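Taking it in order: structure first as structure tokens, then the write-up.
The values are calculated or read from the model by the stated rules, or taken from the named source; none is laboratory data. For clarity, every value in this text was computed on a predicted model and none was experimentally measured. A quick note on method: Cβ atoms are made from the backbone with ideal geometry, for glycine too, and the neighbour counts reach across all protein chains shown. To get the accessible areas, we keep the full protein, side chains included, count just its heavy atoms, and leave off ligands, DNA and RNA. Shrake-Rupley method; radii C 1.70, N 1.55, O 1.52, S 1.80 Å.
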Amino acid sequence: MATLGRTTNSTAEELRTIIVTGASSGIGAYCARALKADGWRVFATARKPEDIAALDADGIEAFYLDYREAGSIEALVASVLERTGGQLDALFNNGAYGQPGAVEDLPVAALREQFEANVFGWHDLTRRVMPVMRRQGHGRLVHCSSILGLTPVPFRGAYAASKHAIEGLMLCMHQELQGSGIHVSLIEPGPVTSKIASNGLVWFLKNIDYENSVHRLAYKAQLERLRAGGSTSRLKPGPEVVYVALRHALLSRRPRPHYVVTVPARIGVILKRILPAAMLYRLLAKRA
């Protein structure tokens, strides 16, 4: 691994600069603070005032961002570039939510909103920092995708579709940026300790008519799991495993296009390679 990081004793002008979105909890919150500890100048985003205040209290420059609001994306980039003198070394697109529910139960509006937050907002923010990185001749674009962008499972259609879209969009960009000095990487975690399950409960109750669905019995188990904060397993590590991948994507001279993180995710990728498709999907359906 290349030693490109700065020490924590560096001045603000010497620090590498990065935007980290979705830093209110989970992966984003951990990575923002770990980057700060490793000597980066971190510009982190959240939606709730109390989360922004908590980041500020830890010495992280925090801003409001909602991917569904183009104005907030524009304001974020303008504020960051004003503070850095027009420079930005890296972007970590991480903020997202998961809309649970069977595909046939998904209102079109719910699917559209999922893509606004998980795809279109990411694309907007990425495009706004591209001129800066082009001008510099370097940059790192890291996107927190998901194993569900590679191996989908039942009742996660909206979220999986958004991650499949990110995979396709950003892998094309990865190829288009060859030789530019700008690198694109996708981190594809499996289950990691976070609030995505409990946050997903809000969207499930808002958009899914579960009591009148043909899937209502299956939803009962899903609801119990969501209310409990998601699945629990010794194979479900904390967000530090994502930070290991992020740090490599940011600092390596040869960052990878893909970082598959956690044992279940790696198993899923292996099974996708070796099993016939029909057998793989039957196996995944049983785990719903």
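What is the chain's relative contact order, in percent, from Cα pairs under 8 angstrom and six or more apart in sequence?
On the way: 503 pairs, mean separation 56.5, N = 288.
Relative contact order of the chain: 20 percent.
When ligands, DNA and RNA are left out and all protein chains stay put, how many square angstrom of accessible area per residue does the chain have with a 1.4 Å probe? List each step's numbers first, then the result.
Details: 14010 Å² over 288 residues.
Ligands and nucleic acids excluded, the figure is 49 Å² per residue.
With the cut-off at 1.5 for a/c, could you classify the stretch 121-238 from its C-alpha gyration tensor as rounded, prolate or oblate? Please report the intermediate quantities before stating the final value.
Details: a/c = 2.84, a/b = 2.28, b/c = 1.25.
Taking the square roots of the gyration eigenvalues as a ≥ b ≥ c, the stretch 121-238 is prolate.
Say each of residue 74 and residue 169 gets a label point 7 Å from the Cα, pointing the same way as Cα to Cβ; how far apart are those two points in nm?
Computed distance between label sites residue 74 and residue 169 equals 1.9 nm.
Over 26 Å between Cα atoms: which of 206/272; 163/286; 236/286 fall into that group? Mind dumping the intermediate values first?
On the way: 206/272 33 Å; 163/286 22 Å; 236/286 19 Å.
Pairs exceeding 26 Å: 206/272.
Considering only protein heavy atoms and a 1.4 Å probe, what is the carbon-and-sulfur percentage of the accessible area of the stretch 38-131?
Details: 2030 of 3940 Å².
Here it works out to 52 percent.
Which sequence of 260, 132 reflects their accessible areas, 1.4 Å probe, from the largest down? Intermediate values should be presented prior to the final figure.
Details: 260 40, 132 5 Å².
Descending order: 260, 132.
First select every other residue whose beta carbon is under 15 angstrom from the beta carbon of residue 168; then total the charges, Lys and Arg +1, Asp and Glu -1.
Working: positive: 163; negative: 167, 176, 188.
Neighbour charge sum, excluding residue 168 itself: -2.
Give me the one-decimal nm value for the distance between modelled label points at residue 64 and residue 47, 7 Å along each residue's Cα-to-Cβ direction.
Each label point lies 7 Å from its Cα, and together they span 1.3 nm.
Once you keep just the Cα pairs under 8 angstrom separated by 6 or more residues, what percentage relative contact order results for the stretch 114-227?
Across the stretch 114-227, relative contact order equals 28 percent.
Please determine, in degrees from 0 to 90 and to the nearest 10, the orientation of helix 196-207 with respect to the longest principal axis defined by the Cα atoms of the chain, where the helix direction is its Cα long axis.
60 degrees
Any idea of residue 247's accessible area? Nearest 10 Å², probe 1.4 Å.
90 Å²
Helix 240-251 against the longest principal axis of the chain: what's the angle in degrees, Cα atoms only, rounded to the nearest 10?
Approximately 40 degrees, to the nearest ten.
On a full-extension model of 0.36 nm per residue, what is the gain between residue 202 and residue 258, subtracting their alpha-carbon distance, rounded to one decimal in nm? Intermediate results must be reported in sequence, preceding the final value.
Working: separation 56, 0.36 × 56 = 20.16 nm, distance 3.06 nm.
Between residue 202 and residue 258, full extension yields 17.1 nm more.
Please give the helix 277-286 orientation as an angle from the longest Cα principal axis of the chain, in degrees from 0 to 90, rounded to the nearest 10.
Once rounded, one gets 80 degrees.
Given the DSSP H assignment, sum -39500 (n - 2.57) over each helix run of at least 4 residues in the chain and divide by its residue total; what's the result at 222 nm in deg cm²/dmol, nearest 500? Numbers along the way, then the final one.
On the way: 11 runs with 138 residues, N = 288.
One gets -15000 deg cm²/dmol as the mean residue ellipticity at 222 nm.
For 40, 203, give the ranking by accessible area with the largest first, probe 1.4 Å. Spell out each step's value before the answer.
Values: 40 15, 203 40 Å².
The ranking, largest first, comes out as 203, 40.
In the chain, with Lys and Arg counted as +1 and Asp and Glu as -1 at Cβ, which of these residues, 59, 94, 219, has the Cα nearest the positive end of the dipole, that is, farthest along it?
219
Determine the dipole magnitude for the chain: charges of +1 sit on the beta-carbon of Lys and Arg, -1 on that of Asp and Glu, nothing else is charged, the reference point is the Cα centre, and the result goes in debye to the nearest 20. Intermediate values should be presented prior to the final figure.
On the way: 35 positive and 25 negative charges, 231 e Å.
Using Cβ point charges on Lys, Arg, Asp and Glu, the chain gives about 1100 debye.
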